[in-house]
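Since every read-out is calculated from the coordinates, none of them should be taken as a lab result. It should be emphasised that the depicted structure is a prediction, and the values quoted were computed from it without experimental measurement. A quick note on method: Cβ atoms are made from the backbone with ideal geometry, for glycine too, and the neighbour counts reach across all protein chains shown.
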Amino acid sequence: MSKTGREEGRRERAAAIQAEQARSERNRKLALYGAVVVVLAVIAAAVFWYSGGSGSSPTTAADAAKVPARAVGMSGAPATTIATTDANAGSTPNLVIGKASAPTKVVVYEDFLCPYCREFEEASRDFLHAAAEQGKVEVEYRPFHLLPEQYSLDALNAFSAVLTKSSPSVALRFHDLLYDKQPYEQASSFPDASKLASWAKSVGGDSSAVEDAVNANDPAFAKAADALSTAAKVPGTPTIFVNGQTLSGSSPTDMANKLQTMIGK
Amino acid sequence: MRWAGTLLRLVVGGVWIAAGVIKLPTPEASVTAVRAYQLLPLGATNFIGHLLPILEVAVGVLLVLGLFTRAAALVSALLQVAFIVGISSVWIRHIPINCGCFGDGGATSWAQARSSYPWELARDTGLLLASAFLVVWARTRVALDGFLFPEPTRSPARGE
């Protein structure tokens, strides 16, 4: 074997070792890259899941049925306390959930089109339902017509129709659904009577009653509701009274968190 | 150049972490901020509102650590483009809102909004340029990228 032959053999072996090193280095990088990506993805997914990013679970029929709900008359009801009798329940009732014996009484003034009301509802719904079921809280929802848009009134009339023609349980689910489906305040087109009727039907309400009520555009419910908010000197929405005291907070979520602490989870 | 990149990483990453951490505990407020732009399809707002704070913190942490710098800077730049489009859009449509950049999104007065929009756009443009810089020159000093994925050592023989 010549000297050059040996030289070539050595060079080939060296090249093979280098190629092997490069390959293992590449594999190491890939493995490391993959591992870091997986760890980051798991952390992000965990936080996302924890924050309820997949959306708040829609109230199921079974859930809603467990929450005690009833309708109370709002004419003549004291503005900042719950009307405890159905004596004056007429054509304009409000929705109340929870037991009358509950130690904490909450009154919620809201508008179905108000964005901050949507936030308060989404942040408070789950724990309020649970606390109402456990007898810890009684909540009276007093939706009224604050925003000038016709949809605010349409949603109110639809809600009133569900409350009077169907049942308080169905009204609770419809109330929650109206916030889940809330349109933008400056939408180019708002959900119409038939859309509201189909939403009512999806939670077990009477769709034709809703469609008729929205089309009739009777201001009676809104008038009674607005009178209540005026009497309570409600400055805006959402306004929440807890045992007669105004609930304050830096944001609707903050208000919901404070309310949860007051009720005791 | 590489030290300049490090500085930009820390500044942009720090801003992202601050913006995200404020919003993380109140996802519903984040959804309100997203909805205030009245831009996205309604069905997407819940998802985006919950996702944004997490994405912001993730991008911020990656930038500060200098890990996957180019990818993180690219996401950072794309988010800034989205924010610039969003703020321009509410300005043009005369919708007065707080940008919700650092929490506290939602409606405000038009006078307040009109005086804020130019500054917010200027800030986001600056952050966009800094992010773009990092996309182009992703190798910076004191970065995990350099530690985990060292550049092939250059043999002096080949020269620079």
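Students often get this wrong, so check it: of A:K258/B:K23; A:K223/A:K258; A:K105/B:K23, which have C-alpha atoms separated by over 22 Å?
As for pairs spanning more than 22 Å Cα to Cα, those are A:K223/A:K258; A:K105/B:K23.
Kindly work out what percent of the DSSP beta bridges joining two residues of chain A are antiparallel, to the nearest 5.
65 percent
Return the sequence-ordered ³J(HN,Hα) values of the range B:57-69 in whole Hz as given by the Karplus equation 6.51 cos²θ - 1.76 cosθ + 1.60 applied to θ = phi - 60°, using x for Gly and Pro.
Whole-Hz 3J(HN,Hα) from phi for the range B:57-69: 5, 4, 4, x, 5, 4, 5, 5, 6, x, 9, 6, 4.
Placing unit charges on C-beta atoms (Lys and Arg positive, Asp and Glu negative, everything else neutral), compute the dipole magnitude of the range B:15-144 about its Cα centre in debye, rounded to 20.
260 debye
Based on Cβ point charges of +1 for Lys and Arg and -1 for Asp and Glu, what charge dipole magnitude is obtained for the range A:61-263 about its Cα centre, in debye rounded to the nearest 20?
Result for the range A:61-263 is approximately 540 debye, rounded to the nearest 20.
Which of the aspartates and glutamates could be linked to A:K66 by a straight reach, that is with a Cα gap under 16 Å, when you skip same-chain ones fewer than 8 residues away?
Within reach: A:D126, A:E133, A:E138, A:D176.
Among the chymotrypsin sites (Phe, Trp or Tyr not before Pro) in the range B:1-105, which ones are in a DSSP loop with at most 16 other Cβ atoms within 10 Å of the Cβ? Mind listing them?
Counting only loop positions with at most 16 other Cβ atoms within 10 Å, the chymotrypsin sites (Phe, Trp or Tyr not before Pro) in the range B:1-105 are B:F102.
Average projected area of the Cα convex hull of the range A:1-55, in nm²?
Averaging across all directions leaves 4.2 nm² for the Cα convex hull.
Normalised by the number of residues in the range B:60-122, what is the relative contact order in percent for Cα pairs under 8 Å and 6+ residues apart? Write down the numbers at each step before the final one.
Numbers: 43 pairs, mean separation 14.5, N = 63.
The normalised contact order for the range B:60-122 reaches 23 percent.
When Cβ neighbours within 10 Å are restricted to other protein chains, what is their mean count per residue of peptide B:42-51? Numbers along the way, then the final one.
Values: counts 6, 2, 0, 2, 7, 4, 1, 4, 8, 4.
For peptide B:42-51, the averaged partner shielding equals 4.
Mind listing the phi-derived Karplus ³J(HN,Hα) values for the range B:108-113, rounded to whole Hz, using 6.51, -1.76 and 1.60 with θ = phi - 60°, and x for any glycine or proline?
Whole-Hz 3J(HN,Hα) from phi for the range B:108-113: 8, 7, 5, 4, 4, 5.
Where the Cα atoms of the range B:2-147 are projected onto their three principal axes, how long is each span, largest first, in whole Å?
Between the extreme Cα coordinates on each principal axis of the range B:2-147 lie 47, 27, 22 Å.
For a bin width of 5 Å, list the pair-distance distribution of chain A built from all Cα-Cα distances, rounded to whole %.
Each 5 Å bin holds this share of Cα pairs: 1, 6, 11, 15, 16, 13, 8, 4, 3, 2, 2, 2, 2, 2, 2, 2, 2, 2, 2, 1, 1, 0, 0, 0.
Is the shape of the range B:70-118 best called rounded, prolate or oblate, per the rule: a/c under 1.5 gives rounded, else a/b larger than b/c gives prolate, else oblate, with a ≥ b ≥ c the square roots of the Cα gyration tensor eigenvalues? The partial results should precede the final answer.
Values: a/c = 3.26, a/b = 2.11, b/c = 1.55.
Since a/c reaches 1.5 and a/b is larger than b/c, the shape of the range B:70-118 is classed as prolate.
Around B:N46, under 12 Å between beta carbons, what's the net of Lys plus Arg minus Asp minus Glu among the other residues?
-1
Restricting to DSSP loop positions (anything but H, G, I, E, B) with no more than 13 other Cβ atoms inside 10 Å of their own Cβ, which trypsin sites (Lys or Arg not before Pro) remain in the range B:64-131?
Counting only loop positions with at most 13 other Cβ atoms within 10 Å, the trypsin sites (Lys or Arg not before Pro) in the range B:64-131 are B:R93.
Over the whole of B:29-35, what's the average partner chain Cβ count within 10 Å per residue? Rounded to a whole number, please.
6
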